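The values are calculated or read from the model by the stated rules, or taken from the named source; none is laboratory data. For clarity, every value in this text was computed on a predicted model and none was experimentally measured. Cβ placement follows ideal geometry from the backbone for every residue including glycine, while neighbour counts extend to all protein chains displayed.
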Amino acid sequence: MNENFADLFQESVAKLDLRSGAVIKATVVKITSDYVFVDAGLKSEDWISIDEFKDKQNELEVAVGDQVEVVLESMEDGSGGTHLSREKAKREESWRILEAAFTENKNVRGIITERVKGGFTVELGKLHAFLPASLIDVRPMRDMSHLEGKELDFKLIKFDRKLNNIVVSRRAVFTEEAEGGRQAVLAGLQEGQEVIGIVKNLTDYGAFVDLGGVDGLLHITDMSWKRIKYPGEVVSVGDQIKVKVLKFDSEKKRVSLGLKQLAEDPWVNISRRYPMGTRLFGKVTNLADYGCFVEIEDGIEGLVHVSEMDWTNKNVQPSKVVTLGDEIEVKVLEIDEERRRISLGIKQCQSNPWQIFAETHKKDEKITGKIKSITDFGIFIGLEGNIDGLVHLSDISWLEPGERAIRNYQKGQEIEVIILAIDAERERISLGIKQLTGDIYADYLAANPNGTVITGKVIEVNPKVVTVDLQNGIIGRLQVSEISKTRINDATDVFGVGDEVKATIIGFNKKARCINLSSKKFLSEFSSKSPAKTKLGDLLKERIEGKKE
């Protein structure tokens with residue numbers, strides 16, 4: 001009987017592939033806390049570490065009586081036992097499954113486990129494959145972290161067991177699946193239709209939404225009625241969203257989608273809700289060099305231009321007036337529904353210092369202020385309410401030209417001025433210095449009208465003009481053409497500095513601020529009244545000759 005059993009055992013052993021690395025079947029006969037004992041039809045039972053029989057959740061995969069595949073690692077290790085491996089059998093099984101899938105062009109399930117150079121590592125059972133970054137999706141993806149750790153379908157595009165080289169593609173799965181339902185989806189799409197899709201990818205300009213084999217573009221401008229900087233503010237990859245088909249090009253297979261179009265357009269009838277002049281509160285949502293944007297309701301933002309922020313500083317830095325997130329009061333200045341623009345003002349909700357000045361002061365009132373700046377055209381005086389008034393060059397002095405008179409003043413100097421005009425609407429206040437005193441020329445001409453004969457002293461002479469001091473700051477000018485009826489080419493031939501001149505007043509030069517004189521009229525009268533009937537030509541000749549001597 002023993003001999004027959006021995007023969008049978010030898011016969012069964014002879015049928016086994018007992019080469020190192022061979023896959024054989026074994027039956028689980030006993031399980032302890034550390035080992036699983038199996039009967040592989042050899043001389044004795046063999047034990048394998050229990051860890052090789054656990055799944056990813058650390059749960060035991062077998063029970064007593066189960067038949068499993070194991071790999072024969074070695075026979076007769078010196079102590080009469082053999083070494084078996086369940087783990088290697090699992091790897092072998094994974095190779096067989098992948099090889100069959102590769103041959104039959106079937107998809108396989110795997111898990112993206114980690115990022116590596118150029119792509120990702122994918123776990124396929126007990127094996128690892130490489131997923132190039134370019135084969136993750138049909139379009140380049142900005143962020144792929146949401147895919148890590150998820151079980152996904154892949155297509156085997158390279159399989160070499162000898163080199164242990166496996167390359168997979170997720171894009172090929174999409175392409176294959178898309179082709180199956182693409183035509184059906186395209187056939188059913190219509191502009192204006194509302195559809196459900198899944199956000200596949202985000203870009204700077206929008207999001208791509210999978211409509212079931214067909215990708216549609218949800219542009220950033222069609223995501224929300226309010227202004228957003230990045231699509232991630234509204235949607236995330238993997239979100240299932242309802243969108244509206246805005247445009248569908250069946251030839252180019254392009255679909256434009258809209259999300260904000262599912263809600264009512266907040267710009268409709270906005271002029272009725274916010275008539276010009278309305279004051280309301282809003283939230284500062286953005287700062288720019290040229291102003292700030294204020295959200296007055298969801299999806300509606302208006303611009304407060306820098307010129308509408310402060311009454312006295314037209315180029316104030318916006319960040320010095322408001323802060324991002326502030327709730328502020330604004331006034332509606334203008335609404336352009338067609339261009340979807342609202343102009344708002346901050347300063348209009350505050351007291352207007354120009355208007356206050358106009359209400360508390362009047363023309364011809366004398367006030368004092370410090371010089372804030374001096375320019376080529378006048379002097380700016382600081383006034384109450386942090387506003388400025390201007391003394392124009394022509395209003396500085398009665399006696400001197402403005403260009404010379406302005407040199408008598410400096411920044412920071414406190415001076416008295418008189419109000420000439422107030423224009424609160426144009427934010428202009430005209431001031432004067434010379435008006436604090438009477439116009440000496442006006443007074444002089446009132447006492448000495450045209451035709452009056454006066455006497456003065458020459459203070460300056462050039463070939464064309466003789467400048468005459470008429471005393472008390474009054475200046476007269478005698479043009480060379482007004483010296484004599486006889487043609488004189490050079491006034492210096494007739495007059496010199498210090499000479500006394502008798503002349504007739506013939507007018508007033510407002511621009512030059514001087515009295516126009518004529519000696520030829522006077523000399524003509526003098527000549528006619530002379531007892532000796534002296535001719536004017538003789539008098540001038542005598543004078544000229546005297547000058548030459």
Inset, instruction - Might you let me know whether region 132-147 holds any residue that is out of contact with any Gly (no Cβ under 9 Å at 6 or more places or on another chain), in contact (Cβ under 8 Å) with a residue 24 or more places away in the chain, more than 30 Å from Gly232 (Cβ to Cβ) and not acidic (Asp, Glu)? - result: no
Inset, instruction - Enumerate the pairs (first residue in region 317-329 and in contact (Cβ under 8 Å) with a residue 12 or more places away in the chain; second residue anywhere and assigned to a helix (DSSP H, G or I) and among the aliphatic types (A, V, I, L, M)) with beta-carbon separation below 9 Å, excluding pairs fewer than 6 apart on the same chain, so at least 6 apart or on different chains. - result: Pro318/Val306; Val321/Val306
Inset, instruction - Keeping to region 227-285, report how many residues are over 26 Å from the mean Cα position of the chain (by Cα) and among the acidic types (Asp, Glu). - result: 4
Inset, instruction - Can you confirm whether region 92-103 contains a residue that is within 27 Å of Trp47 (Cβ to Cβ), surrounded by fewer than 16 Cβ atoms within 10 Å (Cβ to Cβ) and among the basic types (Lys, Arg)? - result: yes
Inset, instruction - Would you confirm whether any residue within region 402-411 is touching a residue at least 40 places away in the same chain (Cβ under 8 Å) and closer than 17 Å to Thr375 by Cα? - result: yes
Inset, instruction - Six or more apart or on different chains, Cβ under 6 Å: which pairs go from a residue in region 232-244 that's in the same structural domain as Asp143 (by TED's automatic domain parsing) and closer than 13 Å to Leu147 by Cα to one that's surrounded by fewer than 19 Cβ atoms within 10 Å (Cβ to Cβ) and at pLDDT below 90? Could you list them? - result: none
Legend entry - Scan of region 288-320 for residues that are touching a strand residue (DSSP E or B) at 6+ places or on another chain (Cβ under 8 Å) and among the hydrophobic types (A, V, I, L, M, F, W, C), ordered by number: Cys292, Phe293, Val294, Ile296, Ile300, Leu303, Val304, Val306, Met309, Trp311
Inset, instruction - List the strands (runs of 3 or more DSSP E) that sit entirely inside region 202-268 and contain at least 1 residues that are surrounded by fewer than 12 Cβ atoms within 10 Å (Cβ to Cβ). - result: 240-249
Legend entry - Enumeration of residues in region 428-447 that are assigned to a helix (DSSP H, G or I) and small (Gly, Ala, Ser): Ala442, Ala446, Ala447
Inset, instruction - Would you check if there is a residue in region 160-178 being in contact with a Leu (Cβ under 9 Å, 6 or more places away or on another chain), on the phi > 0 side of the Ramachandran plot, touching a residue at least 24 places away in the same chain (Cβ under 8 Å) and outside any helix (DSSP H, G or I)? - result: no
Legend entry - Residue satisfying all of: in region 1-60; farther than 20 Å from Glu92 by Cα, of a type in the set (S, T, N, Q) and at pLDDT below 70; nearest to the chain's Cα centre (by Cα) among these: Ser44
Inset, instruction - Could you please find all residues in region 373-427 being within 45 Å of the chain's Cα centre (by Cα), part of a loop (DSSP other than H, G, I, E, B) and closer than 25 Å to Ile475 by Cβ? - result: Asp376, Phe377, Tyr409
Legend entry - Test set (1) in contact (Cβ under 8 Å) with a residue 12 or more places away in the chain; (2) over 30 Å from Leu202 (Cα atoms); (3) surrounded by 14 or more Cβ atoms within 10 Å (Cβ to Cβ) - Lys30 fails condition number: (3)
Inset, instruction - Residues being in contact (Cβ under 8 Å) with a residue 40 or more places away in the chain, in a helix (DSSP H, G or I) and loosely packed, with under 15 Cβ neighbours inside 10 Å: count how many of those fall in region 342-362. - result: 1
Legend entry - Of the criteria (1) modelled with pLDDT under 80; (2) surrounded by 11 or more Cβ atoms within 10 Å (Cβ to Cβ); (3) under 30 Å from Val168 (Cβ atoms); (4) of a type outside the set (A, V, I, L, M, F, W, C), which one Lys106 fails: (1)
